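Data block below; observations after.
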């Protein structure tokens with residue numbers, strides 16, 4: 001199982017969720033409004049001085065090939081970014097312990 005954390009400007013959220021859906025990811029959560037500071041872009045603190053905000057996406061996936069392909073597509077999105085505000089930060093790590101949730105029958 002791999003866990004992926006993504007943070008990006010809210011303007012990139014739809015592109016990321018579309019990419020997740022196109023690649024048939026079924027287990028992810030979105031937090032739409034996250035204030036943030038980063039070393040590659042202006043702060044997004046949702047204030048008059050620093051307007052806008054980020055979004056955060058948490059993804060769980062057991063298929064490592066699917067994860068690798070997704071990461072490559074996000075890298076391509078970053079290479080095509082118009083400015084630093086469109087860059088997507090992505091972090092992935094292996095999960096050693098998790099509770100598999102199954103539907104109640």
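Rule-based calculations on the coordinates, nothing more; no lab input. Quick caveat: nothing in here was measured; it's all calculated off a predicted structure. All Cβ positions, glycine included, derive from the backbone under ideal geometry; neighbour counts span all protein chains shown.
Figures for the structure shown
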{"item": "Alpha-carbon spread of the chain, three principal axes, descending order, Å", "result": "51, 29, 23"}
{"item": "Rounded to 10°, Cα long-axis angle of helix 13-22 versus longest principal axis of the chain", "result": "20"}
{"item": "Segment 82-102 versus segment 65-81: alpha-carbon centroid distance in Å", "result": "12"}
{"item": "Estimated FRET transfer efficiency (residue 63, residue 105; beta-carbon r; R0 22 Å; 0.05)", "result": "0.35"}
{"item": "Cα shape, segment 1-62, gyration tensor, a/c 1.5 rule", "result": "prolate"}
{"item": "Efficiency of FRET from Cβ geometry, residue 76 and residue 26, R₀ 25 Å, rounded to 0.05", "result": "0.65"}
{"item": "Between 0 and 90°, nearest 10: helix 64-79 axis offset from the chain longest Cα axis", "result": "10"}
{"item": "Ordering of 69-76, 35-42, 50-57 by burial proxy (mean other Cβ atoms within 10 Å per residue, highest first)", "result": "50-57, 69-76, 35-42"}
{"item": "Highest-fluctuation residue, 32, 61, 22 considered, GNM on the chain with Cα pairs under 10 Å", "result": "22"}
